[in-house]
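Here is the structure we will look at.
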């Protein structure tokens, strides 16, 4: 077959064109997947890097029609920048720290110095290919390590395929680097090495493999985050009502099989709405987070703490012998909640009511939950009755008024009757060399009483009266 002069051989040109078309199609598919998985961290950088790689490959093929060193520089800028964006996206996706800016700048500067040296000082196409391929090899190794390390045994099928894809890409780039530095490449883009078609095909396979692996991993992570949102409370990171009831039924099954007992503790923060109204909802949310963390540290590793909603929490404690153990744990949890408040104002407002129940002493698992809830509300009502009784006792004390005679330090107190009582209030003062300051004194508390006269309201006559017009008002 006759090939026009000035064009590369049909084989290498076809391979390059097909590789570009494949990369564009795969990148567009990944872009569509990213539009769905936008919440997944790192996928935006990864997709942007893929599009930059595709653009760089397109510019590389355009060198057939456009000559000059400028288009060569543009091609490698997009290719190398796209690969760096891919690496940063993978690190963010895996929850690893991104490459520091100094590292990226230093790496790019080193590659640029060697590349421009073999471009303007000693023009060598093979050396430039070797430098760029070496950079790709190092970046592919970093991506492979990021996807393989710190992976649990259950997640290896999710992250390791993408890591092995980058290992394959690093191997292909390493072979290409060795051939380029050994002089296998000719003097330009139109005279590549004999292994260039095979190297291009292997690179395209690695590209498709990496994109497919990242798509599967991102979809799996999105599914897990969706499940977590459905089962985990986002504020406290505790199991919500649905998740807790599932664990409760599982605990019931285990208890029936092993003939053991488990306990439930239902806790509620009294007057929590007052905290939100007085200090703001952000203070209430922060308090709930700290209370959840404090209670979690108090419990055993096998115990389950769940948030039933609002300011209500439930604790599931397995392998208990009697109710006394549950009551002791409930007391420790109440003290933990009281200590979680970091300010004096919150300590005064944070009060906890709790109820306990046992399985199977109080019935089935759901019956035990209802019994613990009812016991908690009984404790809440008892606490309110106690507060009302204390307030009534304070209200039955005689209301007094006080006047102080500053010359004699005497206080004249008038009660509800006609008699007045004179009380001597002594102030203990400590004299210092620098100043005189009252160190301690007795506090006098009294409730002022007001006598409001009973006045019968007088009728108020209207100042304005409406009179019906005698004739119609018109134009």
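The set of residues in segment 271-300 that are in a loop (DSSP other than H, G, I, E, B) and either closer than 22 Å to residue 239 by Cα or modelled with pLDDT under 85 (or both) comprises 271, 299, 300. For segment 75-94, the set of residues classified as farther than 17 Å from residue 48 by Cβ and modelled with pLDDT of 90 or more consists of 94 only.
On inspection, residue 271 passes the criterion of being in contact (Cβ under 8 Å) with a residue 24 or more places away in the chain and surrounded by fewer than 17 Cβ atoms within 10 Å (Cβ to Cβ).
Which one is surrounded by the fewest Cβ atoms within 10 Å (Cβ to Cβ) among residues in segment 274-293 that are within 25 Å of residue 378 (Cα to Cα) and in contact (Cβ under 8 Å) with a residue 12 or more places away in the chain? Only one residue tops the list, namely 274.
Total residues in segment 297-318 satisfying the condition of being surrounded by 15 or more Cβ atoms within 10 Å (Cβ to Cβ) and either closer than 19 Å to residue 373 by Cβ or touching a strand residue (DSSP E or B) at 6+ places or on another chain (Cβ under 7 Å) (or both): the figure is 15.
A single entry from 139, 157 fulfils the requirement of being under 39 Å from the mean Cα position of the chain (by Cα) and more than 21 Å from residue 88 (Cβ to Cβ): 157.
When residue 150 is tested against (1) closer than 22 Å to residue 209 by Cβ; (2) not in a loop (DSSP other than H, G, I, E, B), only condition (2) is not met. Return yes when residue 134 is assigned to a helix (DSSP H, G or I), free of Cβ contacts under 8 Å to residues at least 60 places away in the same chain and under 24 Å from residue 50 (Cβ atoms) and no when it is not. For residue 134, the condition - assigned to a helix (DSSP H, G or I), free of Cβ contacts under 8 Å to residues at least 60 places away in the same chain and under 24 Å from residue 50 (Cβ atoms) - is met.
The values are calculated or read from the model by the stated rules, or taken from the named source; none is laboratory data. Bear in mind the structure is a predicted one, so any value in this text is a computation, not a measurement. As a convention, Cβ positions derive from the backbone with ideal geometry for all residues, glycine included, and neighbour counts pool all protein chains shown.
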